[in-house]
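Worksheet: the structure to be examined is printed underneath.
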Amino acid sequence: MLTPSNLRAFAAVVEEGGFTAAAARLHATQSGVSQQIARLERGLGVRLLIRSPHGVSQTPAGRTLYGQAVRILREIEATEATLRTYRKGVSGSIHVGLMPAITRSVSGPVQRRLMSGHPNVRIVVTEMMSSEVIDAVVAGRIDLGIVPAFNAPDALRVAPIGQTREVLVLRGRDHPDHMREIALAALPPLRLVLPSPGNLRRDAILARLKAAQVTVTDVLDLDSMFGTLEFIEHSDYATILPAIMLTPEIEDAGLCVRPIRSPSLSLELLAIEPASRAGSPIAPLLVAGFVDRVEALNRQVAAGLRGS
């Protein structure tokens with residue numbers, strides 16, 4: 001009556017909010033998924049989903065089954081993963097989604113270290129905006145994502161990676177104020193380069209600036225970290241970026257980097273995985289690597305601070 005196949009179909013319909021999206025996620029037909037759910041409801045003798053033109057919602061029985069389905073599917077995959085570990089070493093592949101602020105300075109060292117210790121591991125990294133990473137993990141298109149902290153749905157399993165300061169970045173090689181802290185309220189009117197609307201970091205930064213009554217006269221949308229840095233270097237625009245991605249600029253003063261204080265702006269990072277899957281055995285190794293790397297870069301940033 002209950003099988004891994006129909007539990008996966010049911011969980012996909014709940015998490016995707018409809019049969020068509022669930023079918024695409026499962027690489028199945030919409031009618032096939034619909035038939036699986038209908039057989040499941042007939043076999044259990046209870047209605048699980050309420051269908052409407054706007055999608056599907058769960059009945060009380062459906063909510064109960066979803067919670068149990070997530071647990072059962074996770075245990076099945078965990079058991080399979082445990083048995084696979086009896087083979088020598090960690091092997092396999094993992095698809096990781098990272099926002100641009102993490103691919104620079106952070107992901108490369110972590111990936112190289114893991115691949116050196118586990119040569120049979122294959123890591124695929126895709127750079128996306130944070131909202132795209134979240135959607136891809138929920139849909140099961142990627143196995144692991146690193147994103148800013150947010151209110152995660154039940155469909156995701158989360159683990160903290162760490163925090164880093166956000167810093168103001170300005171044009172000015174060897175600027176006298178390089179790595180001198182600046183109070184949030186003391187920020188001058190800003191022309192900012194930021195990611196496109198809907199980005200979690202953009203929304204948080206603009207909200208904090210507005211609360212501190214900092215004037216933002218213009219915002220240029222640019223979804224490339226390297227493009228942003230190049231634009232800052234040759235214009236009077238500024239940006240706000242995580243300090244850990246700017247260690248090259250902090251060391252060589254190629255741009256003016258000013259940590260923000262009173263209060264400081266910070267970026268909290270989370271690792272996210274699909275809750276209904278046990279996850280790759282490679283994931284905890286990567287997460288631990290990211291935690292170590294963020295801590296090391298934070299120490300490097302702190303060492304570069306100068307008195308105001």
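Scanning the stretch 34-55 for residues that are surrounded by 15 or more Cβ atoms within 10 Å (Cβ to Cβ) and hydroxyl-bearing (Ser, Thr, Tyr) gives a single hit, SER34. Summed over the stretch 266-308, residues that are modelled with pLDDT under 85 and among the aliphatic types (A, V, I, L, M) total 2. Looking only at residues of the stretch 126-172 that are of a type in the set (S, T, N, Q) and surrounded by 22 or more Cβ atoms within 10 Å (Cβ to Cβ), we find that the one that is farthest from SER196 (Cα to Cα) is THR164. With respect to the conditions (1) in contact with a Leu (Cβ under 7 Å, 6 or more places away or on another chain); (2) at pLDDT 90 or above, VAL14 lacks only one, and its number is (1).
Determine whether the stretch 88-97 contains at least one residue that is within 28 Å of the chain's Cα centre (by Cα), modelled with pLDDT of 90 or more and within 30 Å of VAL167 (Cβ to Cβ). The answer is yes; a qualifying residue exists. Can you find a residue that is in a helix (DSSP H, G or I) and either within 24 Å of SER264 (Cβ to Cβ) or aromatic (Phe, Trp, Tyr) (or both) anywhere in the stretch 122-143? Yes, because at least one residue in the stretch 122-143 is in a helix (DSSP H, G or I) and either within 24 Å of SER264 (Cβ to Cβ) or aromatic (Phe, Trp, Tyr) (or both).
Quick check, is VAL257 surrounded by 15 or more Cβ atoms within 10 Å (Cβ to Cβ), modelled with pLDDT of 90 or more and part of a strand (DSSP E or B)? Reasoning before the result, please.
Values: surrounded by 15 or more Cβ atoms within 10 Å (Cβ to Cβ): yes; modelled with pLDDT of 90 or more: yes; part of a strand (DSSP E or B): yes.
It is true that VAL257 is surrounded by 15 or more Cβ atoms within 10 Å (Cβ to Cβ), modelled with pLDDT of 90 or more and part of a strand (DSSP E or B).
Quick one: would you say ARG299 is surrounded by fewer than 19 Cβ atoms within 10 Å (Cβ to Cβ), within 28 Å of ALA183 (Cα to Cα) and without any contact (Cβ under 8 Å) to a residue 12 or more places away in the chain? In short, yes. Scoring LEU73 on the criteria (1) assigned to a helix (DSSP H, G or I); (2) farther than 24 Å from ALA139 by Cβ leaves a single failure, condition (2).
Listed here are the residues, each with its yes/no results for (1) at positive phi; (2) under 11 Å from the mean Cα position of the chain (by Cα).
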residue: GLY145; (1), (2): no, yes
residue: ASN151; (1), (2): no, no
residue: GLY172; (1), (2): yes, no
residue: HIS178; (1), (2): no, no
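The residues listed here are ARG63, ARG47; of these, the one that is in contact with a helix residue (DSSP H, G or I) (Cβ under 7 Å, 6 or more places away or on another chain), over 30 Å from ARG113 (Cβ atoms) and modelled with pLDDT of 90 or more is ARG47. Could you check the stretch 222-238 and list, in sequence order, the residues that are surrounded by fewer than 18 Cβ atoms within 10 Å (Cβ to Cβ), over 20 Å from the mean Cα position of the chain (by Cα) and outside any helix (DSSP H, G or I)? Correct list: HIS234, SER235, ASP236.
Based on this model, can you work out whether VAL214 counts as in a loop (DSSP other than H, G, I, E, B) and either over 17 Å from ILE161 (Cα atoms) or not aliphatic (A, V, I, L, M) (or both)? Please lay out each step first, then the result.
Details: in a loop (DSSP other than H, G, I, E, B): yes; either over 17 Å from ILE161 (Cα atoms) or not aliphatic (A, V, I, L, M) (or both): yes.
Criteria met by VAL214.
Among residues that are in contact with a Leu (Cβ under 6 Å, 6 or more places away or on another chain) and surrounded by 14 or more Cβ atoms within 10 Å (Cβ to Cβ), ALA283 is included.
Can you pull out the residues in the stretch 72-131 that are among the small types (Gly, Ala, Ser) and touching a strand residue (DSSP E or B) at 6+ places or on another chain (Cβ under 8 Å)? Scanning the stretch 72-131 gives SER91, GLY92, SER93, GLY97, ALA101, SER107, SER130. When the criteria are applied in full, VAL294 fails the requirement of being of a type in the set (A, V, I, L, M, F, W, C), over 19 Å from SER93 (Cα atoms) and touching a Lys or Arg at 6+ places or on another chain (Cβ under 8 Å). Counting only helices (runs of 4 or more DSSP H) that fall entirely inside the stretch 1-46 and contain at least 3 residues that are of a type outside the set (A, V, I, L, M, F, W, C), the qualifying elements are 4-16, 30-44.
Flag set for PHE290, criterion: among the aromatic types (Phe, Trp, Tyr) and touching a helix residue (DSSP H, G or I) at 6+ places or on another chain (Cβ under 9 Å). So, in the stretch 56-68, of the ones that are among the hydrophobic types (A, V, I, L, M, F, W, C) and part of a helix (DSSP H, G or I), which residue ends up surrounded by the most Cβ atoms within 10 Å (Cβ to Cβ)? The selected residue is LEU65.
The values are calculated or read from the model by the stated rules, or taken from the named source; none is laboratory data. Just so you know, these numbers come straight off a predicted model, no measurement behind them. Every residue, glycine among them, receives a Cβ derived from its backbone with ideal geometry; neighbour counts consider all protein chains shown.
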